[in-house]
1. Which of Lys297/Lys606; Lys355/Lys588; Lys88/Lys498 have a Cα-Cα distance over 25 Å?
2. Taking Cα pairs under 8 Å and at least six residues apart, what relative contact order does segment 276-356 come out at, in percent?
3. Any chance you could tell me what percent of the C-alpha pair distances in segment 585-711 go past 26 Å?
4. How many Å³ per residue does the convex hull of the Cα positions in segment 608-656 occupy?
5. By how many nm would the segment from Glu625 to Gln80 grow when fully extended, if each residue of separation counts as 0.36 nm and the alpha-carbon distance is taken off?
6. Mind checking which of His89, Tyr210, Asn483 is farthest towards the positive end of the chain's charge dipole, using Cβ charges of +1 (Lys, Arg) and -1 (Asp, Glu) about the Cα centre?
7. Residues of segment 114-131 with the amide nitrogen closer than 13 Å to a label point 7 Å from the Cα of Val99, along Cα-to-Cβ, please.
8. State the antiparallel share, in %, of DSSP beta bridges confined to the chain, rounding to the nearest 5.
Amino acid sequence: MIKINTLTGILLCFFTVATKAQTEKQVIVGTRNVSLVLTVGKNGRIYQSYFGKKLLNAADYSNFVQGRHEAYITGGMEDQFQPAIQVKHNDGNPSLQLVYVSDNSNKKNDNVTETTFNLKDPKYPVEVVLHYETYFNEDVIKAWTEIKHNEKQPLVLSNYASNMLHFDADKYWLTQYHGDWATEMMQQESELTSGSKVIESKQGSRPDIYQEPLFMLSLNKPADETGGEVLAGSLSWTGNFKFQFEIDQSNSLRVITGINPYASEYQLDAGKIFTTPAFVFTYSNSGKGQASRNLHKWARSYGVLDGDKPRATLLNNWENTGFKFDEKLLVNLFDDATKLGVDVFLLDDGWFANKYPRNNDKAGLGDWEENKNKLPSGIEYLVKQAEAKGIKFGIWIEPEMVNPKSVLYETHPDWILKLPNRDESYQRNQLVLDLSNPKVQDYVFSILDNMMTKNPGIGYIKWDCNRTMSNTYSVYEKNRQSNLYVDYTMGLYKVLDKVRAKYPHLLMMLCSGGGGRTEYGAMKYFTEFWASDNTDPLERIYIQWGFSNFFPANTVSNHITSWSKQSTVKFRTDVAMMGRMGYDINVKDMSEADVKFSQQAVKNYKRLSDVIWFGDLYRLISPYESNRADLMYVNEAKTKAVLFNYMLSARYKEIFGKVKLQGLDPLKRYKIEETNMMEGAKSSFADNGKTFSGDYLMTVGLSLTQGRVMPQSSSLIEITQQ
Ligand code: DGJ
């Protein structure tokens, strides 16, 4: 961070730059390639004077005067567009003025610096701290806000954004991601027009099921993978979010990101600090691909639990057995896991509850003891059997939820979110527990803790969440019902904090009836997430493509299943391999050839997974623009790459051009080898086995279609420096 104080002329950090007379103080929040310039105006307010590519000459920053974009606009004052913050004081006054008190820069290590601005209202005892944490090498900035006060009664917060950014471009193009169950992360791009565009969620516990809390914003023209100015951002919050993009009469755009204040006027007690979630963002002037790589790098080192560590391959039983299994069958399935060569067997839903056995989704949720008919010897036996066969045992839980047909419902009706005087409203026959209540938090923690204490050998947890919050009312919140959405998420984090304090490295998959919870607020507690229940490989290419914009490959769980029986196991496998690969299939139903292929595929995956998980991703040809999709991962040393080539469909005699690779070293020579083929199959690529320079591969490219193109076919190409 660079600070310039023209009043004292003191060199506060790295160097000084002469600033314009009207500017009192300029603070540069910077990374290797990005600068955010914040200026303390003469009126004491903080302004965003610049955001974009870092300037070559530090002296040029002196050209930035305070400008007219207050960094964190307060409601009830002069500005007549959407504010970042709006409060109601005890005397009913709905205005807030934030005046600079001090700023501070704390270099946490060589890469991470936190800059804070302390602001206060001159008339009311309300203080706001703006936080900007920079990740120098990743070009990522994390921004959040703290609000506190000392009024007698609670201060009412009706807007409390994490961050506000301003842009002055000719045009703005927004890429957003939306969906539903089985259609997660569909990509849409549109030009922003004057007025407001809002992307938000109101679903509470499954906040990302319809709209995802992430976006890309292109300036001046739509950015593509390799060119254009783009902001990519994501809110780290496992709850309702709101992004507002508002273009004013001067064509200035303000981007406001934070918790959705919908039904959430927050009553904040005196002396308590309200900390907003972080908005994590990066800027690239060389397209979306670079923006994604920045976020992936940040996520692996800072955003995801053990993001830089390997993941496990697994066999899940959900798509195979559903609720119908017993311990004999499960132990038998362990053999299928070892046959495939995976690391973990994951037991899904249906293993628990006795008074109301969990034999379908109508009963048992909340009663987390082993079902005696299905598992008479308990989880302990399964863990031991799995270990004896050389694999780890994993298990599914959905600890935030309850079926009305359960002992938990009967014993603790006050722990459940439901309106006291109205009919209960169900989704998947279940209700949500009240995580704003500390007793419920303890209970939810105890579900996992008891299981792990009794069975320390459990090596993997799938944490599910299958309904949204609606018709909610909390007995615990009493007359503060509008605090509930926020307090629920804070309560969830308290539980997860405890889980991680005690089980810091346990592999945990975040699931929410598919990808209903896919954001970085939760991912700091989880090692991966379930992207979608839709495992049809054709559909999955689009879903995974969407997630690849924001999440590194080792966090995106993909399983080979029988959802689409018409597609080959080879195609399903190649698609699953672009993330964290696993199986959820009846191995006994597979042909001998498919089993042989899969055994080899698991070996190939283990050989290549370091490049896939930790390499740089280059999206080469988008399924949204072509009848094929191509992407590649390149390791840091640029000695090894893996290229995925998916043919979605093809017209008769459709011609596909060469695919130009990216991310290689032009001066190195690389051998091209198709891998992951059915036993006995030969590569049809003319270039297979040949060696080329990186320059040739990136300039001329590879022909990856030969002869008649089969729809829903794929190839996996290993690229190795010679
Ligand atoms: C929804 C998940 O997405 C599925 O994978 C499975 O775990 C079911 N829940 C179990 O009820």
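Every read-out reported here was derived from the displayed coordinates using simple, explicitly stated rules and does not represent laboratory data. Because the structure is predicted, anything quoted here is derived from the model rather than measured. In this analysis, Cβ positions are derived from the backbone assuming ideal geometry, glycine residues included, and neighbour counts consider all displayed protein chains.
1. In this structure, Lys355/Lys588; Lys88/Lys498 exceed 25 Å between Cα atoms.
2. The normalised contact order for segment 276-356 reaches 27 percent.
3. Distances greater than 26 Å cover 27 percent of the Cα pairs.
4. Working: hull volume 4.1 nm³, N = 49.
Here the figure is 85 Å³ per residue.
5. 192.2 nm
6. Tyr210
7. In segment 114-131, the label zone of Val99 (backbone N under 13 Å from the point 7 Å along Cα→Cβ) covers 119-126.
8. Antiparallel bridges: around 85 percent, rounded to the nearest 5.
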